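One structure is given below, encoded as C-alpha cells.
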Amino acid sequence: MSDYDVAIIGGGHNGLVAAAYCAAAGLKVVVLEKNAHTGGAAFTEEFHPGFRNSVAAYTVSLLNPKVIRDLDLARHGLVVLERGIANVWPVDDTRALVMPYGLAARQQAIAAFSGRDAARLPDYDAALDRAASVLRRLVLETPPNAGGGLAALWKGARLSRSILGLPIETQRDLASLFTESAADYLARWFENDTIKAAFAFDGIVGTYAAPSTPGTAYVLLHHCFGEVNGKAGVWGHAVGGMGAVSEAIAAAAREKGAAIRTGAAVREVLVEKDRAAGVVLASGETVRARAVAAAVPPKLLFSRMVPVGAVAPSLAARFTGLKSGSGSFRMNVALSELPRFICLAGRQDAAAALTAGIVIGPTLGYLERAWLDARTHGWSSEPVVEMLIPSTLDGTLAPPHRHVASLFVQHVAPHLPAPRSWADPREKEAFADRVIDTVTRHAPNFKAAVLARQILSPLDLEERFGMIDGDIFHGALALDQLFALRPVLGHADYRMPLPGLYLCASGAHPGGGVTGAPGHNAAREIVRDLKKWRWLPNAG
C-alpha cells in the first residue's frame, strides 16, 4: 500500500504547479521540500532588518498564462506590476539606451544610435515573433519521445508536418535561431555595437557563454516568450517579491488537496521491484507513493538520489554528464537612497528608468570579455550586471525612503580554478566588491548607499536550492539539450528511465525560467499513467 499517489521531490514553483494539477485530477499528493519554506529559487526573504527581496529568481514575464488561469493565481494573491520602462543600458557619462515599450518608442530610442538600426527593428521584431509563435505552441506539448512507439512516431510526424508547412522564411528563422550565435544572428540585422549588445544580453542571461557562442541565439529567443497581464514582451514585478508567485501556487495546490511538507529533505528514491515506490527522507522516514516526481535538476537526481544500479550505468552517466552551469552570481543590496546614474541626469524619464532592468554591458566586446575573463581567471574583471530596484514599484520591500536592489551578474566560473573555491568567503566578497564598483562607475553614489548585501555564488545556489553547478535552468539550454533531447534523448516525455519516476522541473521541456510549464506538462503525463481520467480544466 502507498501513502500517496504522487510524492514530489522539491517545493520549487514547478513542483508546486505539478502538485496542484495532480491534486486537481483527484490524486493524493505530497510535496517534500528540504528548506523551511516552499518556492525554491522563487522565494522572498528579509536579508537585512526591514529589507526584503527575491533571493534568486527576480522578475516576472515567463510564467505561463494557462497556469495563471487554471490555478487562479490572482485569487490566491498574485499581483504583478509592470515596469515603467523595459530596460536601460548605460553607455558612458552622456549616453544611455533607454528602451521603452511599443515599436515606435523603441525605434525612436534606437535612432539616437543608428537610424538604419531603427528602420530594421520592425522586421527584426517580426522575425522573432514568427519564431516565438511557433515555439510558444510547443511549450505545453509533451515532446515526441525516441523509442516511444507508434504514438511518438505519430506525434513526431505531426510536428514535422507543422514545421514543414510553415513559410520558408519562418523555417530559415528557426534554423538560424537554433544553430547560430547571438552575435552572428544580430549582425545580419543591426550595425551599432550598443544595439547589438542590448539584444545579445538576453542570449547570455543564465548561460555560461559569450555572444559569439553557437546556440546563444536560441537563449535570446527563449526570453521572448513572456508576457505580463496579457501584454506580450512586458516584464514585471510580483508584489512581495518572487515568493508571492510561489505562495499563490502553493495556496492553489493546498486548496486542491495537496499536502506540503517543509524541512523534509529527500535522501534517495525508494526502488522496489525495479520501479520507484516512494522516497526515503534524510530523517530516515519512508514515504511511499505510486509515482515520484522530481522537481530538482536531473543531474542532481541521478547523481545523488537515484540508487546506483537502479538505472543502466551508461544511461545514468548521460544524466550525470549533462551540461550545466549558468556562470551567474546573485546579489541583493539594501540602499539608503536610489542610485544616481550619470547618464540619466536631466532626463524626463529618469524616474521611470529606475523601474527598468538596468544593464551594464554596453558593447558586444564588453559581453565577450566578461565570459573570456571568467573562463581564464574564474570571474570577470568587468562583469555584466543587470540591476532591478523593485522597491520603486513595491513599497512593501523596504522602509520608507529606502530601497532594495537585485543584481544578477554574468560571468563567473561555476567552479573556480583549483585550488580556489566558492566555499572561500574571500572569493565571494572580492567579486561582490567588483560588482559594486562596476555599478558605482555609472552611479557614483551607489557604493556609499549600500547598507547591507546578500551574496549567492554558484555554490550557494547549489547548496540552498539544489541548482547543481549553480545552473538556474537546471541544465544548459543548448541544442543537444532542448525539446526531444531534454534532458536526454528517449526521456523527453517527463518519464525517467526508472518506471514510476518523473521529472517535473526546468531540466525538462521547455526549460528554465519561472514558467510553471514543466510542472504542468509532467502532471498531465502522471495523471494519464495513473489512469485518473478526469480531465483538467482546459487541459493542453
Taking the criterion of being over 22 Å from the mean Cα position of the chain (by Cα) and either aromatic (Phe, Trp, Tyr) or over 19 Å from Val98 (Cβ atoms) (or both), would at least one residue in segment 344-356 satisfy it?
no
Given the conditions (1) crowded, with 23+ Cβ neighbours inside 10 Å; (2) without any contact (Cβ under 8 Å) to a residue 24 or more places away in the chain, report the number of the one that Arg188 does not fulfil.
(1)
Which of the residues belonging to segment 7-64 are of a type in the set (Ser, Thr, Tyr) and touching a helix residue (DSSP H, G or I) at 6+ places or on another chain (Cβ under 6 Å)?
Tyr21, Thr38, Thr44
Give me the pairs, please: first residue somewhere in segment 8-28 and of a type in the set (D, E, K, R), second residue anywhere and modelled with pLDDT of 95 or more, beta-carbon distance under 6 Å, and either six or more positions apart or on two chains.
Lys28/Tyr4; Lys28/Asp5
Give me the strands (runs of 3 or more DSSP E) completely within segment 1-102, filtered to those with at least 3 residues that are under 22 Å from Val279 (Cα atoms), ordered by residue number.
4-9, 29-32
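Within the bounds of segment 178-195, is there any residue that is modelled with pLDDT under 90, over 17 Å from Asp125 (Cβ atoms) and not in a loop (DSSP other than H, G, I, E, B)? Can you show your working first?
Our first condition is that a residue be modelled with pLDDT under 90; within segment 178-195, this holds for 178.
Then keep just the ones that are over 17 Å from Asp125 (Cβ atoms); that gives 178.
Next, only the ones that are not in a loop (DSSP other than H, G, I, E, B) stay: 178.
Scanning segment 178-195, I find at least one residue that is modelled with pLDDT under 90, over 17 Å from Asp125 (Cβ atoms) and not in a loop (DSSP other than H, G, I, E, B), so the answer is yes.
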If we take segment 197-297, then strands (runs of 3 or more DSSP E) inside it with 2 or more residues that are buried (at least 23 other Cβ atoms within 10 Å of the Cβ), within 23 Å of the chain's Cα centre (by Cα) and modelled with pLDDT under 95 are 236-238
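Can you find a residue that is among the aliphatic types (A, V, I, L, M) and in contact with a helix residue (DSSP H, G or I) (Cβ under 6 Å, 6 or more places away or on another chain) anywhere in segment 368-376? Please lay out each step first, then the result.
As a first pass, look at segment 368-376 and keep what is among the aliphatic types (A, V, I, L, M): 370, 372, 374.
If we keep only those that are in contact with a helix residue (DSSP H, G or I) (Cβ under 6 Å, 6 or more places away or on another chain) as well, we get none.
No, every residue in segment 368-376 fails to be among the aliphatic types (A, V, I, L, M) and in contact with a helix residue (DSSP H, G or I) (Cβ under 6 Å, 6 or more places away or on another chain).
From the list Val228, Val205, Val245, Val239, exactly one residue is in contact with a Gly (Cβ under 6 Å, 6 or more places away or on another chain) and in contact (Cβ under 8 Å) with a residue 12 or more places away in the chain. Which is it?
Answer to the selection: Val228.
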Please determine, by comparing only the residues of segment 363-400 that are more than 27 Å from Gly327 (Cβ to Cβ) and open to solvent by 20 Å² or more (accessible area, probe 1.4 Å), which one is farthest from the chain's Cα centre (by Cα).
Pro400
With surrounded by 16 or more Cβ atoms within 10 Å (Cβ to Cβ), assigned to a loop (DSSP other than H, G, I, E, B) and at positive phi as the only criterion, which of Gly325, Gly309 stands out?
Gly325
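The values are calculated or read from the model by the stated rules, or taken from the named source; none is laboratory data. Treat the numbers as computed from the prediction; the structure is a model and nothing was measured. All Cβ positions, glycine included, derive from the backbone under ideal geometry; neighbour counts span all protein chains shown. Surface accessibility is based on the protein's heavy atoms, side chains included, excluding ligands, DNA and RNA. Shrake-Rupley method; radii C 1.70, N 1.55, O 1.52, S 1.80 Å.
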